[in-house]
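The values are calculated or read from the model by the stated rules, or taken from the named source; none is laboratory data. Since the model is a prediction, treat every value here as computed from it, not as a measurement. No Cβ is skipped: glycine too gets one built from the backbone with ideal geometry, and neighbour counts run over all protein chains shown. Surface areas here come from the heavy atoms of the whole protein model, side chains and all, with no ligands, DNA or RNA. Shrake-Rupley method; radii C 1.70, N 1.55, O 1.52, S 1.80 Å.
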Amino acid sequence: MSVRPLRFGVWAPVHGPRAAHHDPEEPYDASWEHNRRIVVEAEALGFDSTLIAQHTINPHQEDLDQLETWTSAAALAALTSRIEIIAAIKPYLFHPVVLAKMALQIENISRGRFAINLVNAWNRPELEKAGIGFADHDDRYAYGTEWISLVSRLISGERVTHKGENFDVRDYALRPSDLYRSRPAIYVGGESEPARQLVAAHGDVWFINGQPRRDVAALIADVAARPRLGPPLRFGLSAFVIARQTDEEADIAHQRLLALAAQDAPMRAVQRANTDPKVVMMQTMQKTPRVGSNGGTAAGLVGSYDTVARRINEFHAAGIELFMLQFQPLEAEMRRFAEEVFPLVGRDQSRSLIARA
Ligand SMILES: Cc1cc2nc3c(=O)[nH]c(=O)nc-3n(C[C@H](O)[C@H](O)[C@H](O)COP(=O)(O)O)c2cc1C
């Protein structure tokens, strides 16, 4: 498989720290100011991408602060010049015409660096308490598939007429269309069978939850083999990194975070109760003790700088192009990663690595 050059991204801290909430080294901060500082610094350090997850209410504890994704994406687009900005979207929250219009505007503000990450919902109260309702897992994917088929055509500048199960759109075209490329990129996060069908049919990049390389390789083999129109699908991996001088030091840092994360058990229990049990992502995440969301340290990027670099290269050889990374404490550890690991994976810092759709 021919894989594009490695790219590295950082999850924006939209709901504070990713590993543990009671960490003296990382006070809870989901503010706009914190997110702005992190993303601007990530760009300066040479990171290629950032992912702004979408939750209208905090999925761990409802009374905690939560960053709004789309307004923040627009502001970040104006404040940066090189980094790719990926905004997550749950289809039920926006009509496809409105969302497509917003995506094209942020693409324009960013001068061709914007992408959407289509995600299916798992946190029931977010939709239920809004009165939107929480459809069955596969029905949500059927809705999402019709939704993205419309968004994809609209952000490509097509004039769209469509009558389907959920939408009735007539003779609709958005202007200006994309000024920089054919359309913003489409990522998809989700692991179930309908998620795989959706990304094979409509996505550019499939985001895989962090897990061991053999499992990731099997997922890539499954989805890459599916028939699709257009260029081959690309692959991204979510992972939580703990990189230190030695494997032992990294293990100690991992143990520190695991112990802190144990204090979040009551909060996690509420989260579990709120989660749709059919969501495959949550089943995957029960398999290995880990810290971080979306697989976290289960991807194995824990160890000495050399160990982490070697594992990244192995994932890259298996087909992963983009690593969307979590750290804690975020600012210090993303700096360390840029200083210590970037040189070991031989990336050319002078290159502009924004992938074009
Ligand atoms: C990289 C990545 C990012 C994700 N971001 C979000 C997000 O921003 N908001 C959200 O509610 N779910 C997010 N998810 C979770 C997916 O929505 C989740 O996989 C889905 O709810 C369940 O689908 P599944 O059964 O196909 O795994 C993300 C998943 C991945 C892999």
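Of note:
- Within this structure, Y172 passes the test of being surrounded by fewer than 22 Cβ atoms within 10 Å (Cβ to Cβ) and more than 16 Å from the ligand (Cβ to nearest atom).
- Pair list, Cβ under 9 Å, 6 or more apart: the stretch 252-275 residue polar (S, T, N, Q), other residue open to solvent by 70 Å² or more (accessible area, probe 1.4 Å): Q263/H22; Q271/Q61; N274/R124; T275/R124
- The residue that is farthest from the ligand (Cβ to nearest atom), among those in the stretch 182-199 that are open to solvent by 30 Å² or more (accessible area, probe 1.4 Å) and part of a loop (DSSP other than H, G, I, E, B), is S182.
- Taken over the stretch 209-239, residues that are within 14 Å of the ligand (Cβ to nearest atom), within 19 Å of R311 (Cβ to Cβ) and not in a loop (DSSP other than H, G, I, E, B) amount to 9.
- Yes/no for D171 being of a type in the set (D, E) and either touching a Leu at 6+ places or on another chain (Cβ under 8 Å) or within 20 Å of R234 (Cα to Cα) (or both): no
- The stretch 112-138: number of residues that are in contact with a Leu (Cβ under 9 Å, 6 or more places away or on another chain), over 17 Å from G189 (Cα atoms) and in a loop (DSSP other than H, G, I, E, B): 6
- All positions within the stretch 139-161 that are open to solvent by 20 Å² or more (accessible area, probe 1.4 Å), in contact with a strand residue (DSSP E or B) (Cβ under 7 Å, 6 or more places away or on another chain) and not in a helix (DSSP H, G or I): R159, T161
- Restricted to the stretch 278-300, and to residues there that are modelled with pLDDT of 90 or more and more than 17 Å from the chain's Cα centre (by Cα), the residue that is nearest to Y28 (Cα to Cα) is R290.
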